[in-house]
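Since the structure comes first, as C-alpha cells, the remarks are kept for the end.
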Amino acid sequence: MTNIRDFVLVADSYIQEIYRMDLETGSYSAIPQYTVNTPIAIDYDPLTHTVFYSDVVLHQIKSTDLDGTNEKILKRLNSGKTLYVLLATPRHL
C-alpha cells in the first residue's frame with residue numbers, strides 16, 4: 001500500500017461484506033474476504049494496517065490486511081457468545 005488516504009470501515013452483515021470508503025472521494029469497495037459471514041464489530045490498527053472484526057455466525061474474531069490478504073482467525077468464541085464491540089489496542093501503547 002503506497003498511499004493510504006482517510007477512510008472509514010463499514011461492516012455489512014446483511015450483504016456479508018466489509019467495506020472501505022474513501023472519505024475524500026466517497027468511493028467504496030469491499031475488502032476481499034472468503035470466509036466473512038456476519039461481521040458486526042470492527043476496528044483498525046493504523047500502525048500495521050490491520051482490520052479486526054468479529055463474525056457472530058462463525059463465532060470468531062478475525063484479522064486481515066486492508067487488501068484482504070493475511071486473513072487470520074484470532075479467537076474462536078463459544079457459540080453462546082456474541083461480540084458487538086471490538087477495540088484493537090496498538091502494540092505501542
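The values are calculated or read from the model by the stated rules, or taken from the named source; none is laboratory data. All figures in this text were calculated on a predicted structure; none of them were measured in a lab. For neighbour counting, all protein chains shown are included, and Cβ atoms are generated from backbone atoms with ideal geometry for every residue, glycine included. Ligands, DNA and RNA are excluded from the accessible area calculation, which covers all protein heavy atoms including side chains. Shrake-Rupley method; radii C 1.70, N 1.55, O 1.52, S 1.80 Å.
Restricted to the stretch 58-79, and to residues there that are within 23 Å of Tyr14 (Cβ to Cβ) and at pLDDT below 85, the residue that is most open to solvent (accessible area, probe 1.4 Å) is Ser79.
Annotation: Tyr28 fulfils all but one of (1) open to solvent by 80 Å² or more (accessible area, probe 1.4 Å); (2) touching a residue at least 24 places away in the same chain (Cβ under 8 Å); the unmet one is (2).
Quick grid of which residues meet (1) at pLDDT 90 or above; (2) surrounded by 12 or more Cβ atoms within 10 Å (Cβ to Cβ):
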| residue | (1), (2) |
| --- | --- |
| Phe7 | yes, yes |
| Asp12 | no, yes |
| Met21 | yes, yes |
| Gln33 | no, yes |
| Pro39 | no, yes |
| Pro46 | no, no |
| Ser54 | no, yes |
